[in-house]
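Q: The following block contains the structure, expressed as structure tokens.
The values are calculated or read from the model by the stated rules, or taken from the named source; none is laboratory data. Keep in mind it's a predicted model, so treat the numbers as computed, not measured. FYI the Cβ positions are ideal-geometry reconstructions off the backbone, even for glycines, and counts take in every protein chain you see.
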Amino acid sequence: MALFFYAQILLHILGGIAGFLFEQHGEKANRLTHGLAVLASAAGILFSLGILLIGKPWALEWQGSFPVGALRFVANPFSAFFLLIISFLSLAASIFAIGYTREFQGKKNIALLGFFYNFFILAMLFVVTVQNAFYFLFFWELMSLTSYFLVIFEHERPETRSAGTLYLIMTHVGTAFITAAFLLLFIHAGSFSFDAFREAASTLSPVLKNVIFLAALIGFGTKAGVIPLHIWLPRAHPQAPSHVSALMSGVMIKTAVYGLLVFLFNFLGETPGWWGHVMLAVAILSTLLGILYALMENDLKRLLAFSSIENMGIILLGVGMALVFRTLHQPLYAGFALIAALYHVINHAIFKGLLFLGAGSVLSGTHTRNIEGLGGLIRRMPWTASFFLVGAMAIAALPPLNGFISEWLTFIALLLGCESVSPAMRFFSPLLAALLGLAGALAATCFVKAFGISFLGKPRSERAAHAHEAGGFMKVGMGILAASCFGLALTAPWILPMLGEAAKTLSATDISMTGLTQKVFLMSPSGSSQFSPLLIAMILSVFLLGTVILLRLTFGKQHVRIGPSWDCGMPGLEPRMQYTATGYSKPLRRIFSFLYQPTRRVELEDEGHAMLRTAQRFESKITHHVDEWVYQPLSELVVDLSRKAKQIQTGHIQLYLSYIFITLILLLLFFGGRS
Amino acid sequence: MSPELAASAIHFLGMMLLIASFWILTSSQIGMSIRAYAAHSFLLALITAVIAVTNHVEHLLVPALLTLVLKTIVIPNVFFRIIRRLGIRKEVESYINIPFSLLLAVLLVFVSFYVTGDDKILKPVAFSEFIPLAISTVFFGMLMMTTRKKAINQVLGLLLIENGLFLMAITMTFGMPLLVEMGIFFDVLVAVMIMGIFVFKIRDAFESIDADDMTVLKG
């Protein structure tokens, strides 16, 4: 079994390096580097599935000569779950990449892309298995750096470079907090090993515990992109090549969930009640604001990135409820909430991966990401359109797709709060459930817009009119994920026990899984509701097929007649007369105007009279408050301080030397004086 | 050598070393300060030899000999050649005048005696009187680097610091393994060569070796 894991690592390393053999032949490098990544991911899927199904953990230890403890890897059901997600999504993304990177050929160095791509995946695999804080940080940093180089792969564009810089800054701020959290644990436990952290958890003082919690929350929250630490995410994710965006949004930000869960459930022992409340507050804020900003976005990939923020919020809602129930000593409910969060982790990885690959396919077919310039793609790109539709339906939580399952579980977890012993939770949890419902409805609106404006109607630009369908590899990559959207929904009653294993390993408490599934039904642990995705799917398809058959029977076989749209008697319908993305989201811009504070500018030019209009310009913008209130003043402050600090940089070598000299003398006087 | 004789020889040599340090700092001609450096290195070689003999660590004689050859003869010669090749002015140009740098130097000697006064550091060492001297040599080197204008003086300052560190090392450890010492000497020689080349390059690029001109390199 472990052989598969070694094979995966080896193939990724080989895949990273082998591309350089054919640096001059883009296509050969492409096939080699991404082909090896496909093989590696396949091996990884076998390995992690093996661990999950058999349940026997695997461990590898290497003593090494560094004074930071042994380098230890463990794949238990919990980390195998994350390994599975990473391997599965990278399988689909790598297949997609074989087709997708063809457009870079001759222009960019594919071997370099493959190098960073393979090592990026490798770093993520190590992050979720390594059991030593020092090496964890090392691989975490490796993951951040390789993904930075992937983000700036198309560095000719200035916005890509600035997005990359922002990503680099934010990710290092996050890493600084994570490092602080680990160092505090190290000081307490006296070792970098995770096992030592676990053993020392019960003796942590409450103050230290709270400080570590906040540091971990900020650190991992930055990577996860929770509001208000999200600003890098909607800028950096869209700039990367699409298969990398899929991996970044699909799995990289999930490693933050992994880290957070390990801290909360393993390293910090008993949790105070307010942690869960803070987590829920952060989560609901990210959920609502994430989707509200996504709604206003007209850049397809940015829209998806904002929607990732929303989905991280949903995952953290589950984590928050798990914390709350753990504090209230209701392990079954806590386990259920944790399962809901983990289920959404895998679901979001799948459908967001699918949507990013779909956006990549649109991008390579039309060379634009602006929804307003698309339209009518369903005719020219039927495969991409149907795959994108599956992803959009899944993310909008429509049954019988996988998004619905995990959102249902999260709902139940929230509603279980009504049955808890805490009066605050009894009041707030239905409120949170209602807000989650609102977010779900907004997500549906958002993806109706994304799909409807891009794929339906008439082409709004030359580029959209001359779009071409994705190639075979890209179709396969998207197809795998689209099929899993159905698969993960229909097999939910069998997946749940597996997630239960993962949750059990993490929280080291026994969660009785018998009450949560009954045959094909998913059960609420309190027995208040039950739901079967299989049954729903059957009922829906019976209805659909029944309607078709009934129509056939009553009307017989009809000929399809294609005629012009009704034009109100004014001939000459133009694509410009269609509903626009901005127009579609207008009602919501009005409703939530207190939040968006939209500004718009209309410029009219005419030759002396309104009838002789020569040009019109329209500009509409919304306000991102976090950017304006927090980050702009912050960046101004930093620039200001740097300018002040620059004054001591005169360029005189003697002055620099005297800084050293004076510091040395002062330190000697301070520490070395006569005792 | 009897212990009394050794002790007075050590005292004498230490005093001479400090005087040589002052000499380097106060020379108004570059040639003179190089000669002072050679004298300083010569005294250092003598001190090393005395320590080697009194403490019976004979392998210290090798570094003593190397100091004599390299620092007293080879490196000063390299310096004289650089000066000849560059054809620079012989006067030392300084930001502060010589009496004032002398004053600062005296202050630094006080500081170095003050900061090494802790008994914990000095008790176990046999020739503990060299430690403040070593530190003040380092200080003098730094003072030289920070106050002089020409790049060649900065190189000389660095070599002075190196002398101070060497003195510190042999006093505290009675000689490191020979291999390490050989390595250090080789380093110093190579450093001098490289910095010599740099000085030429700086002259080529800026048409002077005035370190002030390098402010244009600032971002």
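Q: Within segment A:637-647, is even one residue among the hydrophobic types (A, V, I, L, M, F, W, C), in a strand (DSSP E or B) and more than 14 Å from chain B (Cβ to nearest Cβ)? Working first, answer last.
A: Within segment A:637-647, the subset among the hydrophobic types (A, V, I, L, M, F, W, C) is A:637-639, A:641, A:645.
Cutting the leftovers down to in a strand (DSSP E or B) gives us none.
No, the conditions are met nowhere in segment A:637-647.
Q: Scanning for something surrounded by 12 or more Cβ atoms within 10 Å (Cβ to Cβ), in contact (Cβ under 8 Å) with a residue 40 or more places away in the chain and touching a strand residue (DSSP E or B) at 6+ places or on another chain (Cβ under 8 Å), does segment A:560-576 turn up at least one residue?
A: No, every residue in segment A:560-576 fails to be surrounded by 12 or more Cβ atoms within 10 Å (Cβ to Cβ), in contact (Cβ under 8 Å) with a residue 40 or more places away in the chain and touching a strand residue (DSSP E or B) at 6+ places or on another chain (Cβ under 8 Å).
Q: Can you name the residue in segment B:73-88 that is at pLDDT 80 or above and over 20 Å from the mean Cα position of the chain (by Cα) and, of all such residues, is farthest from the other protein chains (Cβ to nearest Cβ)?
A: Residues of segment B:73-88 that are at pLDDT 80 or above, as a first pass: B:73-85.
Narrowing the set further to residues that are over 20 Å from the mean Cα position of the chain (by Cα) leaves B:84-85.
On the way: B:84: 25, B:85: 22 Å.
Top of the filtered list is B:84.
Q: From (1) at pLDDT 90 or above; (2) aromatic (Phe, Trp, Tyr); (3) out of contact with any helix residue (DSSP H, G or I) (no Cβ under 7 Å at 6 or more places or on another chain), pick out the condition that doesn't hold for residue A:66.
A: Condition (1) is where residue A:66 drops out.
Q: Can you find, within segment A:228-256, the residue that is farthest from residue A:318 (Cα to Cα) among those that are β-branched (Val, Ile, Thr) and surrounded by fewer than 24 Cβ atoms within 10 Å (Cβ to Cβ)? Let's see the steps before the verdict.
A: Filtering segment A:228-256 down to residues β-branched (Val, Ile, Thr) leaves A:231, A:244, A:251, A:253, A:255.
The next check asks that each one be surrounded by fewer than 24 Cβ atoms within 10 Å (Cβ to Cβ); those that pass are A:231, A:255.
Values: A:231: 23, A:255: 16 Å.
So, considering only residues that are β-branched (Val, Ile, Thr) and surrounded by fewer than 24 Cβ atoms within 10 Å (Cβ to Cβ), the one farthest from residue A:318 (Cα to Cα) is A:231.
Q: Now for a separate question. Of all the residues that make up segment A:570-594, how many are modelled with pLDDT of 85 or more, among the hydrophobic types (A, V, I, L, M, F, W, C) and assigned to a loop (DSSP other than H, G, I, E, B)?
A: 1
Q: Related question: When the residues of segment A:610-662 are narrowed to those that are touching a strand residue (DSSP E or B) at 6+ places or on another chain (Cβ under 7 Å) and aliphatic (A, V, I, L, M), which ends up nearest to residue A:594 (Cα to Cα)? It would help to see each step written out before you state the result.
A: Within segment A:610-662, the first condition is being touching a strand residue (DSSP E or B) at 6+ places or on another chain (Cβ under 7 Å), and the residues that meet it are A:612-621.
In the following step, the residues that additionally are aliphatic (A, V, I, L, M) were identified as A:612, A:615.
Values: A:612: 37, A:615: 31 Å.
Looking at residues that are touching a strand residue (DSSP E or B) at 6+ places or on another chain (Cβ under 7 Å) and aliphatic (A, V, I, L, M), I get A:615.
Q: Still on this structure: For the condition at pLDDT below 85 and touching a Gly at 6+ places or on another chain (Cβ under 8 Å), what is the one hit in B:5, B:60? Don't jump to the end; show me each part of the working.
A: Values: B:5 fails: touching a Gly at 6+ places or on another chain (Cβ under 8 Å).
Just a single option satisfies the conditions, and that option is B:60.
Q: While we're on this one: Here is a list of conditions, (1) within 30 Å of residue A:566 (Cα to Cα); (2) at pLDDT 90 or above, and residue A:435 meets all of them except one; can you say which number that is?
A: Every listed condition holds for residue A:435 apart from (1).
Q: Here is a list: A:653, A:662. Which entry is at pLDDT 90 or above and within 11 Å of chain B (Cβ to nearest Cβ)?
A: Values: A:653 fails: at pLDDT 90 or above.
Of the residues listed, the single one that is at pLDDT 90 or above and within 11 Å of chain B (Cβ to nearest Cβ) is A:662.
Q: Moving to a separate point now. Got a sec? Which of A:529, A:524, A:484 is under 20 Å from residue A:397 (Cβ atoms), at pLDDT 85 or above and hydroxyl-bearing (Ser, Thr, Tyr)? Step through it out loud before you land on a result.
A: Values: A:529 fails: at pLDDT 85 or above; A:524 fails: at pLDDT 85 or above.
Answer to the selection: A:484.
Q: Okay, next question. Is segment A:262-269 home to any residue that is surrounded by fewer than 24 Cβ atoms within 10 Å (Cβ to Cβ), part of a helix (DSSP H, G or I) and either of a type in the set (Val, Ile, Thr) or under 15 Å from the mean Cα position of the chain (by Cα) (or both)?
A: Looking for residues that are surrounded by fewer than 24 Cβ atoms within 10 Å (Cβ to Cβ), part of a helix (DSSP H, G or I) and either of a type in the set (Val, Ile, Thr) or under 15 Å from the mean Cα position of the chain (by Cα) (or both), one finds at least one in segment A:262-269, hence yes.
Q: Say we look at segment A:16-45 and pick out the residues that are more than 25 Å from the chain's Cα centre (by Cα) and among the small types (Gly, Ala, Ser); which of these is modelled with the lowest pLDDT? Spell out the reasoning first.
A: To start, the set of residues in segment A:16-45 that are more than 25 Å from the chain's Cα centre (by Cα) comprises A:17-32.
So of that shortlist, the ones also among the small types (Gly, Ala, Ser) come out as A:18-19, A:26, A:29.
Values: A:18: 88, A:19: 86, A:26: 79, A:29: 88.
Per the criteria, the residue is A:26.
Q: Criterion first (touching a Gly at 6+ places or on another chain (Cβ under 9 Å), surrounded by fewer than 21 Cβ atoms within 10 Å (Cβ to Cβ) and more than 14 Å from residue A:240 (Cβ to Cβ)) does residue A:127 satisfy it?
A: Values: touching a Gly at 6+ places or on another chain (Cβ under 9 Å): yes; surrounded by fewer than 21 Cβ atoms within 10 Å (Cβ to Cβ): no; more than 14 Å from residue A:240 (Cβ to Cβ): yes.
So residue A:127 does not fit the description; no.
Q: I'm checking my understanding of the structure. Among residues of segment B:89-119 that are of a type in the set (D, E, K, R) and facing chain A (nearest Cβ under 8 Å), which one is surrounded by the fewest Cβ atoms within 10 Å (Cβ to Cβ)?
A: Within segment B:89-119, the first condition is being of a type in the set (D, E, K, R), and the residues that meet it are B:89-91, B:93, B:118-119.
Next, only the ones that are facing chain A (nearest Cβ under 8 Å) stay: B:118-119.
On the way: B:118: 14, B:119: 10.
Step by step, filter segment B:89-119, then rank; the result is B:119.
Q: Next up: Taking residue A:448 as meeting all but one of (1) out of contact with any strand residue (DSSP E or B) (no Cβ under 9 Å at 6 or more places or on another chain); (2) surrounded by fewer than 22 Cβ atoms within 10 Å (Cβ to Cβ); (3) under 30 Å from residue A:77 (Cβ atoms), write down the number of the exception.
A: (3)
Q: List pairs: first residue in segment B:100-111 and at negative phi, second residue polar (S, T, N, Q) and outside any helix (DSSP H, G or I) anywhere in the structure, Cβ distance under 8 angstrom, at least six positions apart or on different chains.
A: B:101/B:94
Q: Could you tell me whether residue A:670 is exposed (fewer than 14 other Cβ atoms within 10 Å of the Cβ) and within 14 Å of chain B (Cβ to nearest Cβ)? Lay out the reasoning, then the answer.
A: Working: exposed (fewer than 14 other Cβ atoms within 10 Å of the Cβ): yes; within 14 Å of chain B (Cβ to nearest Cβ): yes.
Judged against the criteria, residue A:670 is a match.
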